[in-house]
Amino acid sequence: MTAFASESVQAELGFRYDPSDLYQQVIGHVLGSAEILDLPRHLRLIMAQPKNEFIFHFPVKMDDGEYKLYKGYRVQHNNILGPYKGGIRYHEGVGLDHVKALAVLMTMKAALVRLPLGGAKGGVQVDPRAVSQDELMRLTRRFTSAIADNIGPDHDIPAPDVGTNAQIMAWMADTYINFQPGHQRWLGEAVVTGKPLEFGGSYGREKATGQGLVFVLDELLPELGLRFDQTTFSLIGYGNVGSWTARLLQDRGAKLKAVMDHTGAIYNEKGIETLTLAQHVVFKGGVAGFADADPITEDEFYKTQVDLFIPAALEQMIDVQHAKIMNCKVVVEGANAPTTPQGQEVLAERGITVLPAVLCNCGGVTVSYREWKQNRQAETWDAETVDRRLRQHMTAAAGRVKLAVHRYGCDMRTATYCAALEYIGKVYQIRGIFP
Ligand code: NAD
């Protein structure tokens, strides 16, 4: 019944059925949860399509004097709770349906954590490693000028994601500020979060997503019969989310056994020192060649026996084939949508618990919200204050998900969407639909 209801909404909106499409996978799940909540049909239709989708084509002067035309996106999914919020991705695989899916997840995260923010996502089709720093700066400034009319501290606030970082956020904010009239410039830095500390950034933002994930594990590990100091884990991705998660888990006594990224996979039965690996990645660009571990194949990586398997790279990496060979007790989704619906079915059949991304990685947007708030109040909070607030939010979010599992008798991903949609549904009910 759930699948039918979800498909009928998608059919009404003219979607051509494609089970491999990330957007349809995410929306299918959201609509399934809306069905459990018996949300009104108009709300399901609203959730199933973003409010705004922008595509930009813009030229960038390359170092050799030639021009290249780039394609960028910004998708604003929903703003019933507050200004749109979501990351900017630089990756050669960025496409509209992908960005739409990630924007929906942002709406869900903000609602789950009860932040006064909506959901958005953006990106540029570019391999950031294949361009120089100067080209990256010109591309960022030109992209920002293209989207400048559609973002703003009161309207839509981007942040870092795969392939972008604090420096790129600084270029974005600086470009945006230069478009503002003099008397409004002071607020301009609040247009993006994840900025460097010296330019309106927040303590704790860089590690926020990993820290939030660990706070969620504080709530859920005991129920799964696990203890940090007796836990082993493996990671896909050793960028912002992966490396911080690894370091914070190691601080709690857990042992990193295997890592895979775009350069290869490595393994050490005795444990991989997480900070040393982070430094290696900064200098070498990836985990391959790390001296204190052995290289392994992709298959061997997925088969490595661990307690926690933590995807922290790209979407759809845990498909049916990988789900069949994985050797873990729990999947902790640091990345967005890393598990396909079919992959999740296999994991469920094999008794492997999945802690869903919307809960596990919402620490990033939570501290981004704190950065935005500090910018608007012209204040700087200390690291302890930011951490304390983050923990409060993550504990409350995990509590909402547990309650929804109990109330609706469903898996954690469905429960997470239910906990988010319940709140959005109430706000729509109170506000009504204009006019
Ligand atoms: P990042 O760019 O810092 O790191 C990405 C990592 O993915 C790198 O280690 C890279 O090597 C790896 N990777 C790329 N292609 C790969 C491949 N084919 N196989 C294996 N590894 C590959 O990005 P990030 O900010 O750490 O984001 C990682 C995930 O977390 C994404 O899904 C992102 O949307 C999500 N996320 C990030 C934040 C944040 O605050 N940065 C917040 C919430 C969710």
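The values are calculated or read from the model by the stated rules, or taken from the named source; none is laboratory data. If you're wondering where the values come from, they're calculated on a predicted model, not measured in any experiment. Using ideal geometry, Cβ is built from the backbone for each residue, glycine included, and neighbour counts are taken over all protein chains shown.
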* To do: Answer yes if at least one residue in the range 320-331 is away from the ligand (no atom under 14 Å from the Cβ), touching a Lys or Arg at 6+ places or on another chain (Cβ under 7 Å) and outside the structural domain of Leu115 (by TED's automatic domain parsing), and no otherwise.
  => yes
| message | Can you find a residue that is away from the ligand (no atom under 16 Å from the Cβ), touching a residue at least 40 places away in the same chain (Cβ under 8 Å) and under 24 Å from Gly239 (Cβ atoms) anywhere in the range 35-48? | response | no
Over the range 58-74, the set of residues under 11 Å from Ile147 (Cα atoms) and not basic (Lys, Arg) is Phe58, Gly72, Tyr73
Of the residues in the range 197-207, those that are more than 22 Å from Leu359 (Cα to Cα) and either within 16 Å of the ligand (Cβ to nearest atom) or touching a Leu at 6+ places or on another chain (Cβ under 7 Å) (or both) come to Leu197, Gly201
Here the qualifying pairs (Cβ atoms under 7 Å; residues six or more apart or on different chains; first in the range 381-393 and surrounded by 15 or more Cβ atoms within 10 Å (Cβ to Cβ); second β-branched (Val, Ile, Thr)) come out as Val386/Val367; Leu390/Thr366; Leu390/Val367; His393/Val113; His393/Thr366
Sole miss for Val346 among (1) among the hydrophobic types (A, V, I, L, M, F, W, C); (2) over 22 Å from Thr231 (Cβ atoms); (3) within 16 Å of the ligand (Cβ to nearest atom) is condition (3)
Over the range 221-258, the set of residues aliphatic (A, V, I, L, M) and under 12 Å from Leu308 (Cα atoms) is Leu221, Leu224, Leu226, Leu235, Ile236, Ala246, Leu249, Ala254, Leu256, Ala258
Check: Ala313: in a loop (DSSP other than H, G, I, E, B), over 21 Å from Phe228 (Cα atoms) and within 14 Å of the ligand (Cβ to nearest atom), yes or no?
Finding: yes
Those residues of the range 144-168 that are in contact (Cβ under 8 Å) with a residue 40 or more places away in the chain and either of a type in the set (Asp, Glu) or out of contact with any helix residue (DSSP H, G or I) (no Cβ under 8 Å at 6 or more places or on another chain) (or both) come to a total of 9
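To keep it simple, each residue is scored yes or no on (1) more than 17 Å from the chain's Cα centre (by Cα); (2) away from the ligand (no atom under 12 Å from the Cβ); (3) at pLDDT below 95; (4) under 20 Å from Gln25 (Cα atoms).
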position	(1), (2), (3), (4)
Asp307	yes, yes, no, no
Glu379	yes, yes, yes, no
Ala397	no, yes, no, no
Val401	yes, yes, no, no
Listed by first then second residue, the pairs whose first member lies in the range 398-418 and is without any contact (Cβ under 8 Å) to a residue 60 or more places away in the chain, whose partner is buried (at least 23 other Cβ atoms within 10 Å of the Cβ) and not hydrophobic (A, V, I, L, M, F, W, C), with beta carbons under 6 Å and at least 6 positions apart or on separate chains, are Met412/Pro356
* Test for Ala265: is it assigned by TED's automatic domain parsing to the domain that holds Val332, more than 12 Å from the ligand (Cβ to nearest atom) and over 19 Å from Gly364 (Cβ atoms) -> no
(1) of a type in the set (D, E, K, R); (2) closer than 25 Å to Gly194 by Cβ; (3) crowded, with 17+ Cβ neighbours inside 10 Å; (4) more than 12 Å from the ligand (Cβ to nearest atom) all hold for Asp251 apart from (3)
Condition set of a type outside the set (A, V, I, L, M) and within 14 Å of the ligand (Cβ to nearest atom), scope the range 220-238, selection nearest to Tyr302 (Cα to Cα): answer is Ser234
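Conditions (1) buried (at least 24 other Cβ atoms within 10 Å of the Cβ); (2) within 14 Å of the ligand (Cβ to nearest atom); (3) at pLDDT below 95, marked per residue:
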| residue | (1), (2), (3) |
| --- | --- |
| Thr164 | yes, yes, no |
| Asp174 | no, no, no |
| Gly182 | no, no, yes |
| Leu187 | no, no, yes |
| Lys195 | yes, yes, no |
| Thr209 | yes, yes, no |
| Gly212 | yes, yes, no |
| Asp218 | no, no, no |
The condition from (1) away from the ligand (no atom under 13 Å from the Cβ); (2) touching a residue at least 12 places away in the same chain (Cβ under 8 Å); (3) small (Gly, Ala, Ser) that Ala291 misses is numbered (2)
Filter the range 11-38 for residues that are among the charged types (D, E, K, R) and at pLDDT below 95; the one that is surrounded by the fewest Cβ atoms within 10 Å (Cβ to Cβ) is Arg16
If you go through Leu359, Leu277, the only one that is over 29 Å from Ala101 (Cα atoms), buried (at least 23 other Cβ atoms within 10 Å of the Cβ) and within 16 Å of the ligand (Cβ to nearest atom) is Leu277
